[in-house]
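Heads up: the structure comes next, in structure tokens.
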Amino acid sequence: MRQKRFTAVIAGTGRIGFTLGFDKKREQPASHTMALLGNKRINLIGACDTNEENLAAWKKYARRHGSMALAFNSSDELYENVVRPDIITVAVNEDAHLTECVKAIEQKPRLVILEKPVALNSEEASKIREAAEKNKVAVLVNHERRFALDYNMAKSLMSEIGDIQKVSGWLYSGLRVYGEEFEKDGTYSLLHDGTHLVDIVNFLTGEKLQDPDVTGIYRDEKNIVRNFTANYKGEKIPEIVISMSGRSKYFEFGVEILGTLGKICIGNGFFDFYKREESKLYTGFYSLVPQKIKRPSKTRYFANMIQNAVDYLDGKAELVSTLEIAAEDLRVLEEIKSHF
């Protein structure tokens, strides 16, 4: 029996919407366009963007890859010409999330895929949530690591390392962590990248992060926050630490899970698993020894997100990354920010 194909459109053909699909160093698909086109159950039929050059390139690419997709300069034009697609993907800049996501929801598709972070702040997130509830539209937020095979593997291995003593998550880059003047457009790392860090710690631990002890706050000569560490005590995990730097000359994202019988280290470009074995160095002692594990050759982080959307529309699965989860991530970030 032939399965139904779902129609989809994209609002935003910039980096995450389209052009990251050409980054030869990234695991592909790395953009909404390539991930949608790569799923046989989806028919990509349209897109919009205010950048005419991006839009023209997108239209040419989509049509070259079998889609007769239409291209428009605004979401208003898109929705006037494409009536009630099954999926609307919102991949615009953070400062346009509220406007464009609500507009997408009001078209009453079966599903909206919203790029992270959910909004600039919790007030905007609440408005998106209200619109979704009013129009009875589900929203899937693209916190990509929840869909990645390596992070799911790490979560499954946690049962093998005993009681979890500590979880540490870190994100080091050159982008400012926070500055009040950047709240209007969300161009600061605590929001833009920190949402991924908080979300994956949430995913791996299941702990509600609240009442942090925020230390190590470092400000530069312009009073911009460049470093901080937030310390939490969970219900089951006694120590959870989230650290960010905005003055590093490199980019690193990682999580370390320390158990009583082993350790898991995972992040961008690494995945290491250690277990307790009799020490080769000291009589009567045990050491952590690297274990051979079959790591996924591809994480399928973007492809699995789109597949989750298809499975949801088929009634086979719940959404892995919901609007409610994304709003909770935003609350954690705002609580950290309140200490600056």
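According to the calculation over all Cα-Cα pairs in the chain, the P(r) per 10 Å bin from zero is 5, 24, 31, 24, 11, 3, 1, 0 %. Summary of the geometry: the range 291-323 and the range 88-140, compared by the centres of their Cα atoms, lie 21 Å apart. Against the compact-protein benchmark of 2.2 N^0.38 Å, the Cα-based radius of gyration of the range 224-282 scales to 1.46. Taking Arg26, Arg276, Arg295 as the candidate residues, the one with maximal mean-square fluctuation in a Gaussian network model of the chain, Cα springs under 10 Å, is Arg26. Remark: spin-label model distance Phe251-Lys25 equals 0.8 nm, labels positioned 7 Å along the Cα→Cβ axis.
Per-residue extension of 0.36 nm, minus the Cα-Cα distance of Lys222 and Lys184, leaves a gain of 11.9 nm for this segment.
With coordinates expressed along the principal axes, the C-alpha atoms belonging to the range 25-127 extend over 41, 36, 29 Å, beginning with the largest. Placing unit charges on the Cβ atoms only, positive for Lys and Arg and negative for Asp and Glu, gives the chain a dipole magnitude near 1640 debye about its Cα centre. Its Cα gyration tensor gives the range 73-179 an equivalent ellipsoid. The semi-axes, each the square root of 5 times an eigenvalue, are 33, 18, 13 Å from largest down.
Packing order of peptides 153-162, 189-198, 318-327, highest average first: 189-198, 318-327, 153-162 (average count of other Cβ atoms within 10 Å over each peptide's residues). Using the alpha carbons alone, the radius of gyration of the range 20-81 stands to its Kirkwood radius in an Rg to Rh ratio of 0.98. Within the accessible area of the chain, the carbon and sulfur atoms contribute 47%, probe 1.4 Å, all protein chains present. Straight-line reach from Lys292: which aspartates and glutamates have a Cα under 19 Å away, not including same-chain ones fewer than 8 places off? List returned: Asp150, Glu160, Glu256, Asp272, Glu277, Glu278. For a straight C-alpha distance cut-off of 12 angstrom, the aspartates and glutamates reachable from Lys136 (same-chain residues fewer than eight places away being disregarded) are Glu106. Computing FRET efficiency as 1/(1 + (r/R0)^6) for His65 and Glu334, where r is the C-beta to C-beta distance and R0 is 51 Å, gives about 0.80. FRET efficiency for the pair Glu52 and Ser297, taken as 1/(1 + (r/R0)^6) with r the Cβ-Cβ distance and R0 = 35 Å, rounds to 0.35.
Listed cross-link partners Lys25/Lys222; Lys155/Lys249; Lys116/Lys337 are compared with a 23 Å cut-off, the Cα-Cα value being larger for Lys25/Lys222; Lys155/Lys249. Over the range 297-340, the pair-distance histogram of Cα-Cα distances with 10 Å bins from zero comes to 24, 32, 27, 15, 2 percent, rounded to whole numbers.
Placing R0 at 22 angstrom, the Cβ-Cβ distance between Glu133 and Glu77 gives a FRET efficiency of 0.20 after rounding to 0.05. How big is the antiparallel share of DSSP beta bridges in the chain, given as a percent to the nearest 5? Just about 55 percent of them are antiparallel. Here the label points at Glu278 and Glu106, each 7 Å from Cα along the C-beta direction, are separated by 7.1 nm in the simple model.
The values are calculated or read from the model by the stated rules, or taken from the named source; none is laboratory data. Just so we're clear, the structure is a prediction, and the values are computed from it rather than from any experiment. All Cβ positions, glycine included, derive from the backbone under ideal geometry; neighbour counts span all protein chains shown. Quick note on the areas: whole protein, heavy atoms, side chains included, nothing else; ligands and nucleic acids left out. Shrake-Rupley method; radii C 1.70, N 1.55, O 1.52, S 1.80 Å.
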